[in-house]
Amino acid sequence: MNSVAGLTPSEKAPKTRRPIIAIDGPAGAGKSTIARHLARYFGLLNLETGAMYRAFALKALASNASLEDLPALLALAANTSIYLEPTGEGNLVFLDGVDVTTRLREPRITDGASRVSVHPPIRAWMVRLQQDLGAAGGVVMEGRDIGTVVFPNADVKIFLDAAPEVRGLRRYDQMDSAAAAEVQPEEVIRELRARDERDRNRADSPLKPADDAVLLDSTHMSLEEVVGKVEAIVTEKLALEPSKA
Ligand code: DC
């Protein structure tokens, strides 16, 4: 790995565009927690691209469109606006001007987001929206294809992963008691594997690390360890100081 001290003077020179940090990885790998932390630590905006696919799935399901019917989905997309507003606590998600943030975590939306995201024209639309949102830089953008497709020139790319059992159990532990009472941990792991399978094997922009991404497997790491590691990676790559804000 390049150390900052080993860079040439031009590589050390301050960048004019603010940085773009891409965090990719499968469900439950800790992307949101890490991205939110990095954004706060370095004074950047956090953009959660999965929330955009979730918002579109919400609209498609509410419209009774089949998630396999691409012409119907495209007709819907033509009349849909989706916008993310970063806050310190995560993103507010606006669908056609309405804040739908609290409606995006139901299992049918989670499953629907993975299904609508297999269609290349839907992805192309989302990628354009995401490129517009991040164009000025100063962002930590998380998703599945940020380092490979949305911002292939991102300044730092991190691919977070962990064993499916560990990711599933983390997801289960994060559920509130009412939701956890309705499912077994095994079911959460099974659902996560099914989504992994679809996200990793779709033909267009499958989930995979960019060639120049730093891979971080947190199977045997605590959250504090992962946070420490990504802070060090970003600091070294960007020679950034933490935000004083
Ligand atoms: O990150 P998430 O769990 O909110 O994402 C929901 C789904 O959206 C995920 O299963 C795949 C899709 N997605 C994608 O295809 N590309 C992205 N950049 C982000 C999410």
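The values are calculated or read from the model by the stated rules, or taken from the named source; none is laboratory data. If you're wondering where the values come from, they're calculated on a predicted model, not measured in any experiment. Every residue, glycine as well, gets a Cβ built from its backbone with ideal geometry; the counts of neighbours run over all protein chains shown. The protein model used for the area step is the full one, side chains on, heavy atoms only, and it has no ligands, DNA or RNA in it. Shrake-Rupley method; radii C 1.70, N 1.55, O 1.52, S 1.80 Å.
The set of residues from region 170-192 being of a type in the set (Asp, Glu) and either open to solvent by less than 50 Å² (accessible area, probe 1.4 Å) or under 18 Å from residue 114 (Cβ atoms) (or both) comprises 187, 191. In region 128-139, the qualifying residues are those that are open to solvent by less than 40 Å² (accessible area, probe 1.4 Å) and under 16 Å from residue 157 (Cβ atoms), and the one that is nearest to the ligand (Cβ to nearest atom) is 130. Set side by side, the residues 165, 142 differ, and just one is more than 14 Å from the ligand (Cβ to nearest atom), in contact with a helix residue (DSSP H, G or I) (Cβ under 8 Å, 6 or more places away or on another chain) and either among the acidic types (Asp, Glu) or part of a strand (DSSP E or B) (or both), which is 165.
Restricting attention to region 54-87, the residues that are farther than 19 Å from residue 130 by Cα and not in a helix (DSSP H, G or I) total 7. Kindly provide the set of residues from region 64-89 that are among the polar types (S, T, N, Q) and exposed (fewer than 13 other Cβ atoms within 10 Å of the Cβ), ordered by number. Answer for region 64-89, where residues must be among the polar types (S, T, N, Q) and exposed (fewer than 13 other Cβ atoms within 10 Å of the Cβ): 64, 66, 79, 81, 87. Against the list (1) within 14 Å of the ligand (Cβ to nearest atom); (2) out of contact with any Gly (no Cβ under 7 Å at 6 or more places or on another chain), the condition residue 80 fails is (1). Whenever a residue of region 27-42 is under 21 Å from residue 220 (Cβ atoms), its partners that are part of a loop (DSSP other than H, G, I, E, B) and within 10 Å of the ligand (Cβ to nearest atom), lying with C-beta atoms within less than 9 angstrom and at least six residues away or across chains, give the pairs 31/25. Restricting attention to region 106-126, the residues that are near the ligand (Cβ under 10 Å from one of its atoms), in a helix (DSSP H, G or I), in contact (Cβ under 8 Å) with a residue 60 or more places away in the chain and not acidic (Asp, Glu) add up to 8.
So that you can scan it fast, the table gives a plain yes or no per residue for (1) open to solvent by 90 Å² or more (accessible area, probe 1.4 Å); (2) within 16 Å of the ligand (Cβ to nearest atom); (3) in contact with a Phe, Trp or Tyr (Cβ under 7 Å, 6 or more places away or on another chain):
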{"site": "194", "(1), (2), (3)": "no, yes, no"}
{"site": "203", "(1), (2), (3)": "yes, yes, no"}
{"site": "215", "(1), (2), (3)": "yes, no, yes"}
{"site": "222", "(1), (2), (3)": "no, no, no"}
{"site": "226", "(1), (2), (3)": "no, no, no"}
{"site": "229", "(1), (2), (3)": "yes, no, no"}
{"site": "238", "(1), (2), (3)": "no, no, no"}
{"site": "243", "(1), (2), (3)": "no, no, yes"}
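Residues in region 24-60 that are within 14 Å of the ligand (Cβ to nearest atom) and open to solvent by 40 Å² or more (accessible area, probe 1.4 Å): 32, 33, 36. Here residue 174 clears all of (1) touching a residue at least 40 places away in the same chain (Cβ under 8 Å); (2) within 13 Å of the ligand (Cβ to nearest atom) except the condition numbered (1).
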